[in-house]
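Below is one structure, written out as structure tokens, with a few remarks after it.
The values are calculated or read from the model by the stated rules, or taken from the named source; none is laboratory data. What you are looking at is a predicted structure, and each value in this text was computed from that prediction instead of being measured. Here the Cβ positions follow ideal geometry from the backbone for every residue, glycine too, while neighbour counts run over all protein chains shown.
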Amino acid sequence: MPKEIVDPWCPMALKRSLSLIDATSVGIGAIIGAGIYVVLGLGIGLAGPSIVASIAISGAVALFSAFSFAELGSAIPKEGGPYAFAYELFSPFYGFIVGCLWLFAQIVSGVAISIGLASYVVLFIPSLPVKVVAVAAAALLTSLNLIGIKQSAAVNNALVLIKVAILCAFIAFGALYVNMENFADFTPNGIYGTLQGAGIIFFAYLGYGRISTLGEEVKNPERNLPLSIMLALGISMAIYILTGTVAAGLMGYQHLAQSGSPLADAASATGSVPLVIAVSVGAIVATTSVLLTNLIGISRVAFAMARKGQLPKSISKVSHKRGVPYVSIVLMGSLLIALTGLLDLRQAASITNVSLLIVHMTVNASAIMLRRKAPQLLKFRAPLFPLIPALGICSCLALALTLGAQAWLAGGAVVLISGAAYLAAKSRGKKPLT
């Protein structure tokens, strides 16, 4: 009698493989990367030495929303994060728009990360074109994602240890060479420049929300999801403030503002070649780690949307052997690779920030809605409710308003196109959308 033929690729639930340490490491891996190693230069160009205040302001804004992510992640531990929250607490229509915004923003974010990674690689091999390296990196890490979440997490854990150790070395050694005269003109572009710096440097904090997209792959999610979000953000914020202070103190902001590798340039002010090399290697490791977790996050949101019937069902297929949504990984990786050749760093960072700040506002609104609709689901309770989510909404809006019109147009276009696509599909009788 012939053996039963089993399709090795089929829709299924994902496995709970990630511990608290793994989830926290995914968060740190997603946060510490292109933001501090590359986008820091853009922020310093706007804020000057007051980039230190910009980093703290961005961190506070991120913290307000992190409490909402933590509450929602413990109450609704489902794959998809912000998409799942909006779908469950508002409506399928609202969820679809939030999911599209999140995917768009994270894919564009991946472009910025790829370019940042490539910018540091070409410091070692100047003959390589930046865009070619960026595309190759995205393709390589897409392939790694196909191997399995546990394997990807193990690689990420190692990368996180390396990049945090290098940043700590930069802080400790660089602090000995800080020139306080570099802080003399603390706010060269005024308070608004500091706020603009906060708006652009918010890019550096975006990764903590990625943990919530892995709701079905984290063990004991009611405890580990909120705890890992808060731990990842707290550790990253402390490292960022110290790194920004040392970098601004080592070299004048005018020079760092023009740099594609600001931390390496700041390290050069110490005269230590080994430190410059270590920081450059750290940048490659850090941006690799962020790009890896970026691909994990966007593939899981696309998977969650497909499983709900809001994207083609084939995207929800999961490998029996590897336990990963392989169609989603390949599709999202391909989109990232395609866009890497079209955008520059400033465009990518601004567009990402506006889109994700809008998503973060909806996450805070979802936290308020959760308290009204299903308070019995709460496993983790944020302090000072409803003040914290209200501050999250207002502060996200304030930062978003400091960014350019191009970024707002891109975010608005995604909202309009996704809304029109949903209504068109629904009018044709696509019932899974509802």
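At pLDDT below 85, closer than 30 Å to Ser261 by Cα, touching a Phe, Trp or Tyr at 6+ places or on another chain (Cβ under 6 Å) and aliphatic (A, V, I, L, M), is that true of Val39?
On the way: at pLDDT below 85: yes; closer than 30 Å to Ser261 by Cα: yes; touching a Phe, Trp or Tyr at 6+ places or on another chain (Cβ under 6 Å): yes; aliphatic (A, V, I, L, M): yes.
In short, yes.
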What pairs can you find where one residue is in segment 304-328 and modelled with pLDDT under 85, the other is among the aromatic types (Phe, Trp, Tyr), and their Cβ atoms are less than 7 Å apart, with a gap of 6+ or different chains? Ser319/Trp9; Ser319/Tyr326
Of all residues in segment 109-146 being of a type in the set (Val, Ile, Thr) and surrounded by fewer than 24 Cβ atoms within 10 Å (Cβ to Cβ), which is modelled with the lowest pLDDT? Val130
Here is a list: Gly73, Gly45. Which entry is touching a Pro at 6+ places or on another chain (Cβ under 7 Å) and farther than 16 Å from Leu356 by Cβ? Gly73
In segment 78-88, what residues are surrounded by fewer than 24 Cβ atoms within 10 Å (Cβ to Cβ) and assigned to a helix (DSSP H, G or I)? Glu88
Can we say Gln106 is part of a helix (DSSP H, G or I) and surrounded by fewer than 17 Cβ atoms within 10 Å (Cβ to Cβ)? no
Checked pairs for segment 247-269, first closer than 17 Å to Gly197 by Cβ, second in a loop (DSSP other than H, G, I, E, B) and aliphatic (A, V, I, L, M), C-beta under 7 Å and 6 or more apart or across chains, list as Gly249/Val178; Met251/Ala269; Ala266/Met251
Would you check if there is a residue in segment 330-352 being touching a helix residue (DSSP H, G or I) at 6+ places or on another chain (Cβ under 9 Å), surrounded by fewer than 17 Cβ atoms within 10 Å (Cβ to Cβ) and at pLDDT 85 or above? yes
Among the numbered criteria (1) within 30 Å of Ser395 (Cα to Cα); (2) of a type outside the set (Lys, Arg); (3) at pLDDT 90 or above; (4) surrounded by fewer than 17 Cβ atoms within 10 Å (Cβ to Cβ), which single criterion is violated by Asn182? (4)
Write out, first by first residue and then by second, each pair whose Cβ atoms fall under 9 Å of each other, whose residues are 6+ apart or on separate chains, and whose first residue, in segment 351-374, is more than 18 Å from Gly411 (Cα to Cα) while the second is in a loop (DSSP other than H, G, I, E, B) and of a type in the set (A, V, I, L, M). Ser366/Ile76; Ala367/Ala382; Leu370/Ile76; Leu370/Leu378; Arg371/Leu378; Ala374/Ile76
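Please verify whether segment 204-222 includes one or more residues that are modelled with pLDDT under 90, surrounded by fewer than 21 Cβ atoms within 10 Å (Cβ to Cβ) and polar (S, T, N, Q).
To start, the set of residues in segment 204-222 that are modelled with pLDDT under 90 comprises 204-222.
Those still in the list that are surrounded by fewer than 21 Cβ atoms within 10 Å (Cβ to Cβ) too: 216, 219-220, 222.
Next, from what is left, pick out any that are polar (S, T, N, Q): 220.
Taking every residue of segment 204-222 in turn, at least one turns out to be modelled with pLDDT under 90, surrounded by fewer than 21 Cβ atoms within 10 Å (Cβ to Cβ) and polar (S, T, N, Q).
Which of the residues belonging to segment 147-163 are surrounded by 21 or more Cβ atoms within 10 Å (Cβ to Cβ) and either at pLDDT 90 or above or over 17 Å from the mean Cα position of the chain (by Cα) (or both)?
As a first pass, look at segment 147-163 and keep what is surrounded by 21 or more Cβ atoms within 10 Å (Cβ to Cβ): 149, 152-153, 156, 159-160, 163.
Hit for segment 147-163 is Ile149, nothing else.
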Does Leu370 satisfy being assigned to a helix (DSSP H, G or I), at pLDDT below 90 and crowded, with 21+ Cβ neighbours inside 10 Å? no
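Conditions tested, residue by residue: (1) assigned to a loop (DSSP other than H, G, I, E, B); (2) in contact with a Lys or Arg (Cβ under 6 Å, 6 or more places away or on another chain); (3) surrounded by 15 or more Cβ atoms within 10 Å (Cβ to Cβ).
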position	(1), (2), (3)
Phe385	yes, no, yes
Ile393	no, no, yes
Ala398	no, no, yes
Gln406	no, no, no
Leu423	no, no, no
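Name the one entry in Ala410, Ala365, Ala390, Ala382 that is modelled with pLDDT under 90, under 27 Å from Ala70 (Cα atoms) and among the small types (Gly, Ala, Ser).
Within the list Ala410, Ala365, Ala390, Ala382, the selection yields Ala382.
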Residue check, Arg210 charged (D, E, K, R) and in contact with a helix residue (DSSP H, G or I) (Cβ under 7 Å, 6 or more places away or on another chain): yes
So how many residues does segment 316-329 have that are buried (at least 23 other Cβ atoms within 10 Å of the Cβ) and assigned to a loop (DSSP other than H, G, I, E, B)? 2
